[in-house]
Amino acid sequence: MPIQISQVSKSYGIDTILHGITMNIADNEKIGLIGANGAGKTTLLRIIAGELSCDSGTIFTPKDSTVGFLKQNPEEGKTSTLWEDIMEIFSDVTQVEEQMRRLEEKMSNENLSDSQREEVLSSYSHLSAVFDSKGGFDIQTKIKTVLNGMGFEDFDAKTVRVNTLSGGERTKFSLAKLLLKNPDILLLDEPTNHLDFKTMQWLESYLKAYRGTIIIVSHDRYFLDSLVDTIYEIERTNATRYPGNYTKYLETKKHNYEIALKHYEEQQTEIKRLEDYVARNKVRASTAKSAKSKQKSIDRMELLEKPVLYGRACRFGFDLEFTSYKDALICDNLSLNVNAGGILKTIAQNINIDIKRGEKVAIIGKNGVGKSTLLKTLSGTNKSHGGSFEFGRNVSISFYDQQQECLHENSTVLNEIWDRYPRMDEVEVRTLLGTVLFTDEDVYKRVSDLSGGERARLLLLAIMLEKSNTLLLDEPTNHLDLPSKEALDTAVKNFGGTVILVSHDRYFLNKVADKIIELTPEGAICYNGNYNEYLNEKNAIIQNEASNSNASSSALSYEEQKRKQANVRNLTKKIAGTENNIEEKETEIEDIKQKISEAGSDYEKVRELYEIQEKYERELEDLYELWNTLSKELESIV
């Protein structure tokens, strides 16, 4: 049992954050830690990591186990290069390698006596075994694999300095270093922040195969669904365990709620029946004794609290004042331009889109390709574009900008809504604000003082009140806690109008979208269905060269199609051949290692074998580089 948490409590002043938290986490278990914002999830991670003391309770981890902790906000970067910073992780291995190099120099000295040579050889053999056991021969390959997977394939790790990375890049780099450290217990606080779809998929695959215990705090429901096998929910200072992934948690929580509600209602019915009996019979002499007995039954009851499915959750709902005509939006060779240092730069072009009334369309694509710019262009806030776009008749638009620039920073929460709808009275406005969790004194907060989640809820309320029939939503689930995300899922899905959205929330895309449009610098590709169906279709295209050619190259000439098909076949063949060569080279290296262990004190033979092993290691690294290059080339044309 790698981690045993028993009766852990933590308070800040008079506010109790955690109370009596008990968790038994099995070896290699993958835990999702969820709860509303401010519930104490990060606090618990910090206590487990040893960064923060608890007020009471105990935490047991096995002796000599290592703990790695990814924080949401990384520390300021060092002036060292990415490679230098990472190699500090392997300092014990590089020290062994340096000792081996010094021994190799000694071995080349022809003046050594036989006894000295045998002593050097014995030391070298021992160090080589240590180096091998620490994975020394595979370090460079492992580093490149993790850096590429985390999205640093285009960075020169030996020249780029850590302090030049953006905040998001520093978080990704911190996670890459943590994965390379390979701790026994991995604590991850919102690890998917700042990751694109491709990197998230790689991280999921890597963590699924991770041999160690993982505890993850995440609002990424798709990530939790794919990875974890247990959910712990922190709610009202306590922790409740739910076996299974996030979807299973939702099912179990709802089932438990329905059972608890049934018991509560049955008890309330019984109490009302007894109270009615007491009221009717307590004054009659013939039944007073019986009434008194029934009153005692009521008094002895252990009253059940009325269960709540979610603590404080928003009540989102989008209505429309009138419907639009069938054609909601047509984009004709639209190009997206941005201002880059005073120069107008085109980031995407040849965008042709046809969206019908009532469709829920998700725009996805690589970071920086222009997804948010597209929504800003459609909303009219970005005027720099080429080509044309036209909304259909009777289309009315509301735009949720992830930057929330339409909120008035100096306004109060109350006035932000009231100024927009001055005919409402204060009670109406406060009631509406209550649906998005602004109650009591909260309504007098200044917008500039609100958290990200509070700003998101306020802007969503403003959009709800506009009653437009077409919603442009740019990352609407950002900053929302899980219950609020679930509420938004349902509201958008049930909306009778048209939705065009940009989101990295794959769970949201799965529940809401019925069409996916992949934006690229060269245009837009449309896929029918939700995110999972999009992935299935993409995978089918990649696996089937002929289908890919027919589906995505209709504009190419016959000769161009033939050349592309031949190129795909050639690259696929080269990749398969490279994979075979990698496997053969790895087998050769293992054979050499076996021969070294069998050579004993035969100095000349061992030295010769080590030279061969180092040669094979270099060749293996070159093969991995070739495989990466070929894979990227294939990915760029399919």
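The values are calculated or read from the model by the stated rules, or taken from the named source; none is laboratory data. Here the structure is a predicted model, which means the values were calculated and not measured. Note: ideal-geometry Cβ built from the backbone for every residue, glycine included; neighbour counts use all protein chains shown.
Here Leu188, Leu195 are screened, and the one residue that is within 14 Å of the chain's Cα centre (by Cα), at pLDDT below 90, among the aliphatic types (A, V, I, L, M) and outside any helix (DSSP H, G or I) is Leu195. Scanning region 520-542 for residues being farther than 24 Å from His385 by Cα and either modelled with pLDDT under 90 or among the hydrophobic types (A, V, I, L, M, F, W, C) (or both) gives a total of 8. Taking the condition in a helix (DSSP H, G or I), touching a residue at least 40 places away in the same chain (Cβ under 8 Å) and under 27 Å from the mean Cα position of the chain (by Cα), does Asp92 pass? So Asp92 fails the test.
Tell me, please, whether a residue that is exposed (fewer than 14 other Cβ atoms within 10 Å of the Cβ) and among the basic types (Lys, Arg) can be found in region 421-443. There is at least one residue in region 421-443 that is exposed (fewer than 14 other Cβ atoms within 10 Å of the Cβ) and among the basic types (Lys, Arg). For region 16-28, the criterion of a residue being hydroxyl-bearing (Ser, Thr, Tyr), touching a residue at least 40 places away in the same chain (Cβ under 8 Å) and out of contact with any helix residue (DSSP H, G or I) (no Cβ under 7 Å at 6 or more places or on another chain) is satisfied by at least one position.
Only residues that are part of a strand (DSSP E or B) and either in contact with a Lys or Arg (Cβ under 9 Å, 6 or more places away or on another chain) or not assigned by TED's automatic domain parsing to the domain that holds Glu466 (or both) were counted across region 349-364, and they come to 7. For region 275-316, a residue qualifies if it is of a type in the set (Lys, Arg) and either in contact with a Gly (Cβ under 8 Å, 6 or more places away or on another chain) or in contact (Cβ under 8 Å) with a residue 40 or more places away in the chain (or both), and the qualifying residues are Lys306, Arg312, Arg315. So, in region 53-78, of the ones that are in contact with a Lys or Arg (Cβ under 6 Å, 6 or more places away or on another chain) and not in a strand (DSSP E or B), which residue ends up surrounded by the fewest Cβ atoms within 10 Å (Cβ to Cβ)? Looking at the filtered set, the residue picked out is Asp55. Report, by residue number, each residue of region 417-459 that is hydroxyl-bearing (Ser, Thr, Tyr) and outside any helix (DSSP H, G or I). Passing the criteria: Tyr421, Thr439, Ser451.
Close Cβ contacts (under 8 Å, 6 or more residues apart or on different chains) running from residues in region 405-429 that are without any contact (Cβ under 8 Å) to a residue 12 or more places away in the chain to residues that are assigned to a loop (DSSP other than H, G, I, E, B) and of a type in the set (S, T, N, Q) comprise Asp419/Ser411. Taken over region 370-386, the criterion of being out of contact with any helix residue (DSSP H, G or I) (no Cβ under 6 Å at 6 or more places or on another chain) and either surrounded by fewer than 20 Cβ atoms within 10 Å (Cβ to Cβ) or among the basic types (Lys, Arg) (or both) is satisfied by Lys371, Ser372, Lys376, Ser379, Gly380, Thr381, Lys383, Ser384, Gly386. The residues in region 105-118 that are surrounded by 14 or more Cβ atoms within 10 Å (Cβ to Cβ) and part of a helix (DSSP H, G or I) can be counted, and the count is 3.
Applying the criterion of being within 34 Å of the chain's Cα centre (by Cα), farther than 19 Å from Gly135 by Cβ and surrounded by fewer than 15 Cβ atoms within 10 Å (Cβ to Cβ) to the residues of region 578-599, the residue that is modelled with the lowest pLDDT is Glu579. Find all pairs meeting these conditions: Cβ atoms under 7 angstrom apart; at least six residues apart or on different chains; first residue within region 136-155 and in contact (Cβ under 8 Å) with a residue 60 or more places away in the chain; second residue polar (S, T, N, Q) and part of a helix (DSSP H, G or I). The qualifying pairs are Asn148/Asn628.
For the residues Asp401, Asp474, Asp489, the requirement of being touching a helix residue (DSSP H, G or I) at 6+ places or on another chain (Cβ under 8 Å), under 30 Å from Tyr325 (Cα atoms) and free of Cβ contacts under 8 Å to residues at least 24 places away in the same chain singles out Asp489.
Restricting Ala260, Ala239 to residues that are in a helix (DSSP H, G or I) and either under 18 Å from Ala36 (Cα atoms) or small (Gly, Ala, Ser) (or both) narrows the list to Ala260. State yes or no: is Tyr610 surrounded by 14 or more Cβ atoms within 10 Å (Cβ to Cβ), within 23 Å of Leu103 (Cα to Cα) and at pLDDT 80 or above? No: the conditions fail for Tyr610. One residue stands out among those in region 248-294 that are of a type in the set (Lys, Arg) and loosely packed, with under 15 Cβ neighbours inside 10 Å: the one that is nearest to Val228 (Cα to Cα), which is Lys254.
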